[in-house]
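Scroll down for the structure; my scribbles are underneath it.
The values are calculated or read from the model by the stated rules, or taken from the named source; none is laboratory data. Just so we're clear, the structure is a prediction, and the values are computed from it rather than from any experiment. A quick note on method: Cβ atoms are made from the backbone with ideal geometry, for glycine too, and the neighbour counts reach across all protein chains shown. Accessible surface areas use protein heavy atoms only, side chains included; no ligands, DNA or RNA. Shrake-Rupley method; radii C 1.70, N 1.55, O 1.52, S 1.80 Å.
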Amino acid sequence: KSNKEQKLRSKESHSNKIAEKSRRKKENLKAVDDYAKTAVSRRGGGRLADDDGGAFGDERGGRSRVGADKKYGFGGKQTGRFKQTDSKKLNDMSGYSARGGKFEGGQKRKGG
């Protein structure tokens, strides 16, 4: 056979392989879609609710967080971790010095 004939045959076989592959892929995707539809109808809809009205799963992270809470206890809501300026402290002028306008009290300084 000549080189042209061999090229032609290889092109044909390659196109046939690609067509077969795409046909199998379409069939597989159709089968997966059919399975998904039947599975949803069998189990009765979408996500189910828990006893407390929330969805399944913990809002505070994954399985490891739940395990740590179970082992060591839940530490509570993390509030008040940082100092907060309230109006009483903000209006406190007890540390103010009229000479030089220096403020001896809890004045914040820029770190650098």
Exercise. Just how much of Leu29 is accessible, in Å², when a 1.4 Å probe is used and the result is rounded to the nearest 10?
Worked result: 100 Å²
Exercise. With each label point set 7 Å from Cα along the Cα-Cβ vector, what nm distance links Lys89 and Asn28?
Worked result: 6.3 nm
Problem set entry | Heavy atoms of Ser97: accessible area, 1.4 Å probe, square angstrom to 10 | 40 Å²
Exercise. By the scheme Lys and Arg +1, Asp and Glu -1, what is the net charge of all other residues having a beta-carbon under 14 Å from that of Ser15?
Worked result: +4
